[in-house]
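Taken together, the values in this text are just the output of simple stated rules run on the coordinates, not laboratory data. Just so it is clear, the structure is predicted and the values come from calculations on it, not from any experiment. We place every Cβ from the backbone using ideal geometry, glycine too, and count neighbours over all the protein chains shown.
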Amino acid sequence: MARSALAQETVFALRETIARLEGKPIPALAAAQAQATADGQERERSGREDRPARLATGVAVLDEALEGGVPLDAITEIRSRAFLDAGVASGFAFALSARLQAGAQGGVGTLPVLWIAERMASQEVGAPYPLGIRGVGLSTTQFFHAFPNRIDEALWLAEAALGSGAFGMTILEVRGNPKAFGLTESRRLALRAKAAGRPLFVLRHAAQEEASSTTFRFLAEPALAGERRLPDGSMLGGSIGHPVFRLTLEKSRNPAPLSLFLAWNAHDRQFTCVDDPIRHAVPEGRAAAHSRASLPAAFNRQDPAPALGSLLAFDRQASGRAGPFERAS
């Protein structure tokens with residue numbers, strides 16, 4: 001940075017000397033300086049535009065709907081309907097982060113990932129687990145997380161992380177639809193992401209659709225995983241294969257939402273579209289592993305009410321005859 005400023009000052013000094021030798025007025029020197037500054041800004045802008053602005057998923061139908069892939073200079077939202085599905089939404093964000101690191105596009109993928117979890121959200125769904133992070137294909141040495149106490153602190157931290165440019169991807173995890181994170185705050189983060197050329201993923205657990213400045217919004221739901229495929233093409237019985245996400249692209253330029261099933265290969269860091277998740281999970285000609293009732297019969301509880309018999313409606317007598325509403329012997 002110091003060398004660049006020194007070189008620019010040297011160039012200006014040479015231009016001033018040439019202008020004086022040629023007898024040009026001072027405004028010409030100012031114009032030359034303004035032109036040089038404009039040329040530098042133009043080169044910086046063109047260099048920024050040369051960087052890839054999309055992260056392709058590798059699935060043609062999804063990349064076409066995303067206009068080339070997930071934007072690397074905007075907000076992408078991933079929401080779940082309930083806290084039970086929080087792992088699916090988080091897993092999809094981890095998979096995209098791992099794919100970004102594997103591609104190392106424009107040098108962004110070589111930077112670490114920052115996970116910002118609002119305190120209430122982390123208490124509901126838990127903190128990121130190192131073994132799980134490594135299992136999904138993400139490098140744990142390039143992963144940092146923070147747990148601010150309030151939502152406004154989380155928003156400030158996300159904005160500062162985007163502006164610093166020190167992280168290749170920032171993930172903001174929130175609980176539901178907090179009032180402090182509305183359209184205005186979303187717009188500020190979107191502008192910050194655009195200016196910095198860094199992506200921001202917003203995870204909303206147990207949330208509803210709402211107006212925001214996100215470019216794309218996904219609804220993540222769980223799906224059945226198939227068995228692990230062996231090198232010869234056969235399936236390993238009783239095994240669990242790659243995780244499958246059921247994704248619905250709720251917000252995009254498409255006239256109708258796009259829904260599809262994606263399987264994630266953590267080893268190759270590749271997504272694969274699954275056409276029939278039921279057939280993918282349960283091979284043809286074979287029943288499900290648990291086709292009966294999932295819960296055993298209850299025991300050590302009160303007996304059910306006995307079947308009604310003949311009732312005699314009179315009081316109990318000393319002779320031992322049946323009383324009111326008692327079964328006759």
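If you take all other residues with their beta carbon under 10 Å from the beta carbon of ARG54, and give Lys and Arg +1 and Asp and Glu -1, the sum is -3. What's the FRET efficiency of GLU124 with TRP156 using the Cβ-Cβ distance as r and R₀ = 22 Å, to the nearest 0.05? Computed FRET efficiency for GLU124 and TRP156 comes out at 0.55. Here the gap between ALA82 and ALA180, fully extended at 0.36 nm per residue and compared with their Cα-Cα distance, gives a gain of 33.2 nm.
The residues SER90, SER234, when put in order of fewest to most other Cβ atoms within 10 Å, stand as SER234, SER90. Ordering HIS145, HIS242, HIS205, HIS267 from the fewest to the most neighbouring beta carbons within 10 Å gives HIS267, HIS145, HIS242, HIS205. Here the calculated FRET efficiency for SER239 and THR140, from their Cβ-Cβ distance with R0 = 22 Å, stands at 0.30, rounded to the nearest 0.05. Cβ crowding within 10 Å ranks ARG192, ARG119, ARG198 as ARG119, ARG192, ARG198, fewest other Cβ atoms first.
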